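Trainee: I'd like to ask some things about the structure below.
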Amino acid sequence: MRKQIVAGNWKMNNDYVDSELLVSKLLEQHIHSQTEVIIAPPFTSLLCSSNSLKGSQITVAAQNMHFAENGAYTGEISAGMLKSIGVETVILGHSERRAYFNETDAILAKKVDSALRNSMRIIFCFGEELTDRKSGNEQAIVGSQIKNALFHLPASEWEHVVLAYEPVWAIGTGETASPEQAQDMHAFIRKTVENKYSSELADEVSILYGGSVKPANAKEIFSKADVDGGLIGGAALDVAQFRSIINAF
Ligand code: PEP
């Protein structure tokens, strides 16, 4: 049985004090126990958040990391550094990282390898731009993003990989892929993984949908057969919205 996951990406929001407040409010919420809940605060709030969440069903993830183990990379954070404060999961390939920080598939493949070398789990994001969808190229783009960053992995590493399909045109725009568009793409993604590896492996991979998921649309999106949860941006900053998205399963 693959895992149902709801992950909240806080992006560059919430300083230390705001993070402590949001985490303490989250801990007061009643959330379904069968759903794994992850929050991804900024680096400066990872340690305080994970300390406060100890013993709960919520864990933390980093929003990014560098591929090198250490060295002259001013301003960067390595997998080992994250592990040293107990962070076990990292989001890689978010479209904002790809667009604003020039993260290519080749760089992401190196980050994937570094995360796995350090026994971390990866939430790997990818998705097409609006122009790709308008020209009917969405599957080609998504297929190549997955292949270029992940298909060098042996099958045994895939238990540490969660996929997150996030059409760029739906992120932070209020525009959501319809549940059918999400399902179609998720089915394509699962088939792509199956063709490379096996149906058993593809069946076990959780594929999250991300892009303007809100309480009003979460239930319908999550009801689709190949949608195993969500990566949530804006709505993860509001505890009531985040709770109701989690409980939409
Ligand atoms: C995201 O940044 O991963 C995201 C899905 O954002 P939003 O929910 O705000 O569209």
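Trainee: Return the residues of the stretch 169-207 that are closer than 16 Å to Asp226 by Cβ and among the small types (Gly, Ala, Ser); say none if nothing qualifies.
Mentor: Ala177, Ser178, Ala182, Ala187, Ser199, Ala202, Ser206
Trainee: Need at least 3 residues that are free of Cβ contacts under 8 Å to residues at least 24 places away in the same chain per element, so show me which strands (runs of 3 or more DSSP E) inside the stretch 134-249 make the cut, counting only ones lying wholly within it.
Mentor: So the answer is none; nothing clears 3.
Trainee: Among the residues of the stretch 99-126, how many are over 20 Å from Gly143 (Cβ atoms) and in contact with a Ser or Thr (Cβ under 7 Å, 6 or more places away or on another chain)?
Mentor: Result for the stretch 99-126: 2.
Trainee: Quick check on the stretch 162-169. Is at least one of its residues more than 16 Å from the ligand (Cβ to nearest atom), surrounded by 19 or more Cβ atoms within 10 Å (Cβ to Cβ), on the phi < 0 side of the Ramachandran plot and not hydrophobic (A, V, I, L, M, F, W, C)?
Mentor: No, the conditions are met nowhere in the stretch 162-169.
Trainee: Another question, if that's okay. Exactly one condition in (1) more than 16 Å from the ligand (Cβ to nearest atom); (2) open to solvent by 30 Å² or more (accessible area, probe 1.4 Å); (3) β-branched (Val, Ile, Thr) is not met by Val193; state its number.
Mentor: Among (1) more than 16 Å from the ligand (Cβ to nearest atom); (2) open to solvent by 30 Å² or more (accessible area, probe 1.4 Å); (3) β-branched (Val, Ile, Thr), the lone unmet condition for Val193 is (2).
Trainee: Shifting gears a bit: Look at Ile232 and say whether it is within 13 Å of the ligand (Cβ to nearest atom) and either modelled with pLDDT of 95 or more or of a type outside the set (A, V, I, L, M) (or both).
Mentor: For Ile232, the condition - within 13 Å of the ligand (Cβ to nearest atom) and either modelled with pLDDT of 95 or more or of a type outside the set (A, V, I, L, M) (or both) - is met.
Trainee: Taking into account only those residues within the stretch 196-212 that are within 13 Å of the ligand (Cβ to nearest atom) and either farther than 16 Å from Gly127 by Cα or of a type in the set (Ser, Thr, Tyr) (or both), which is nearest to the chain's Cα centre (by Cα)?
Mentor: In this case the residue turns out to be Tyr209.
Trainee: Follow-up question, since we're still on this one. Report, by residue number, each residue of the stretch 120-139 that is open to solvent by 70 Å² or more (accessible area, probe 1.4 Å) and either of a type outside the set (S, T, N, Q) or touching a Leu at 6+ places or on another chain (Cβ under 6 Å) (or both).
Mentor: Glu129, Leu130, Lys134 - these are the residues of the stretch 120-139 that are open to solvent by 70 Å² or more (accessible area, probe 1.4 Å) and either of a type outside the set (S, T, N, Q) or touching a Leu at 6+ places or on another chain (Cβ under 6 Å) (or both).
Trainee: Looking at Ile221, Ile245, can you tell me which residue is touching a Lys or Arg at 6+ places or on another chain (Cβ under 9 Å) and surrounded by 18 or more Cβ atoms within 10 Å (Cβ to Cβ)?
Mentor: Only one candidate qualifies: Ile245.
Trainee: Additional query: Please specify each residue of the stretch 50-86 satisfying the condition of being in a helix (DSSP H, G or I) and either touching a Pro at 6+ places or on another chain (Cβ under 8 Å) or open to solvent by 70 Å² or more (accessible area, probe 1.4 Å) (or both).
Mentor: Pass one, the stretch 50-86, residues in a helix (DSSP H, G or I): 50-53, 79-84.
Correct list: Asn51, Met81, Ser84.
The values are calculated or read from the model by the stated rules, or taken from the named source; none is laboratory data. Model, not experiment: these values are computed from the prediction. Cβ coordinates were reconstructed from backbone atoms using ideal geometry, including for glycine residues, and neighbour counts include every protein chain displayed. To get the accessible areas, we keep the full protein, side chains included, count just its heavy atoms, and leave off ligands, DNA and RNA. Shrake-Rupley method; radii C 1.70, N 1.55, O 1.52, S 1.80 Å.
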